[in-house]
1. Would you point out the residue of segment 235-244, among those that are crowded, with 23+ Cβ neighbours inside 10 Å and of a type in the set (G, A, S), that is nearest to H258 (Cα to Cα)?
2. Might you check whether a residue that is of a type in the set (D, E, K, R), within 28 Å of A312 (Cα to Cα) and out of contact with any Gly (no Cβ under 8 Å at 6 or more places or on another chain) occurs anywhere in segment 147-157?
3. Polar (S, T, N, Q) and touching a helix residue (DSSP H, G or I) at 6+ places or on another chain (Cβ under 8 Å): is that true of T108 in this structure?
4. From the list K159, K129, K139, pick out the single residue that is within 28 Å of P80 (Cα to Cα), assigned by TED's automatic domain parsing to the domain that holds K12, at pLDDT 95 or above and among the charged types (D, E, K, R).
5. Mind checking which residues of segment 12-42 are modelled with pLDDT under 95 and either of a type in the set (S, T, N, Q) or not in a loop (DSSP other than H, G, I, E, B) (or both)?
6. I need every pair where a residue in segment 90-104 that is more than 21 Å from F306 (Cα to Cα) has its Cβ under 7 Å from the Cβ of a residue that is aliphatic (A, V, I, L, M), sequence separation at least 6 or different chains.
7. In segment 275-295, how many are under 10 Å from N204 (Cα atoms), part of a loop (DSSP other than H, G, I, E, B) and aliphatic (A, V, I, L, M)?
8. Here are the criteria: (1) over 17 Å from the mean Cα position of the chain (by Cα); (2) closer than 27 Å to C188 by Cβ. Tell me which single one N28 does not satisfy.
Amino acid sequence: MAGPISIAGSTKTIGGDGVFVIAEIGKNFIQTEEERPQEEYLVNALALIDAAAEVGADAVKFQTHELEDEFMPGLTVVSPHFSGSDRYRWIKRNQEATPPEFWWAVKTRAEERGLVFFSTPMSHRAAEKLQSLGVSLFKLGSGDVQDYATLDYIANTRKPLIISTGMVGLAELDELIIHVRSLGIPLCVLYCISQYPAPADYFNLATIERLQEEYPDVVIGFSDHSLGESIALAAVKLGARVVEKHFSFSRDLWGADHRVSMAPEEFAAMVRAIRSGAYTHVDHRAYYGSRERELEGANNKFRPYFNKALVAGCDIPTGTTITKEMIYAMRPKMYIDGLASNKFYDVVGKKTKKNMKKYDPITVTALA
């Protein structure tokens, strides 16, 4: 079994004694369709942090955006999981709601309440924002597990990394784990189904046991988008060392993730069941499946919306040797005719065969 992952500035560990429970606040501080003052978003976020501490979470997690190197400008794309806003406007609203003082305030409040604060950077520049805050660890969401531009930056911080499997297949996951292992970075992998909400019959919790056997040096956990506690408790019974659940005051609030979130009283009940050992009485058989099954993420319907392609991050003249800083990994791959973001290292060091403008897709024919 993988040894515990230490968290700088905290006595808590990931994969140590007990289960590390994450309340994912994400963007749930946005609660109305109409835009509200930034001060109100901060009040909502602080209240959610306080509630997470009261119900026994170990950590709170947010999501951090930077439009410039995340989402291709000029595109209007609505993801099937949230029809309330197109992706560009939704990301823009989140970015504008969270200036630097927002991030300092929520990090400070979390630490005052004894919680680990971290966030999922949705791009390289978003990771830079979080690094400037002094976060102690990073998470890559399942849509960004193959974003090697962001992964490269995170790896160079040498901080622990958590990833989710919801939009990758087994071979893609193996490629990533081998790469991260070679860098000597502490790694936690969360089995995940990226459906919102995730139906019970989609789950294959035998994957948790398979991953533990194949990667004994990696902490294995569970990121859950199902409703209720049953599947999360079954995952703990089967060995998950981490549980992550979306957290909100109500599933009736407006936004992308409220409807798949746990309310405080539900989250508290789940934490009690984990801490008391009551999870051992959960019947896991309906969610077990087979160790041989491919990850649902290999063919997940959200991949085209959330996966990324490589584009020029600035104007690049003909004959220029491309450096890491010149490359952006941008969503959505379905509308960008560039190399997939996991080809990042294949592009670095190559010379351009033509002039490229910022946001031009990087293709094989553009490289010498």
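The values are calculated or read from the model by the stated rules, or taken from the named source; none is laboratory data. Remember, predicted model here, so these are calculated numbers, not experimental data. Counting neighbours? That spans all protein chains shown, and the Cβs are built from the backbone with ideal geometry, glycine included.
1. We begin by selecting, within segment 235-244, every residue crowded, with 23+ Cβ neighbours inside 10 Å; these are 235-236, 240-244.
After this cut, where a residue has to be of a type in the set (G, A, S) as well, the list is 235, 240.
Values: A235: 22, A240: 24 Å.
Ranking the candidates gives A235 first.
2. Within segment 147-157, the first condition is being of a type in the set (D, E, K, R), and the residues that meet it are 147, 152.
Remaining after also requiring within 28 Å of A312 (Cα to Cα): 147, 152.
Remaining after also requiring out of contact with any Gly (no Cβ under 8 Å at 6 or more places or on another chain): 147, 152.
The answer is yes; a qualifying residue exists.
3. Against the criterion (polar (S, T, N, Q) and touching a helix residue (DSSP H, G or I) at 6+ places or on another chain (Cβ under 8 Å)), T108 does not qualify.
4. Numbers: K159 fails: within 28 Å of P80 (Cα to Cα); K129 fails: within 28 Å of P80 (Cα to Cα).
Only one candidate qualifies: K139.
5. Across segment 12-42, there are no qualifying residues.
6. Close Cβ pairs satisfying both conditions: A97/I30; F102/L42; W103/L133; W104/L133.
7. 1
8. Only one criterion in (1) over 17 Å from the mean Cα position of the chain (by Cα); (2) closer than 27 Å to C188 by Cβ is unmet by N28, namely (1).
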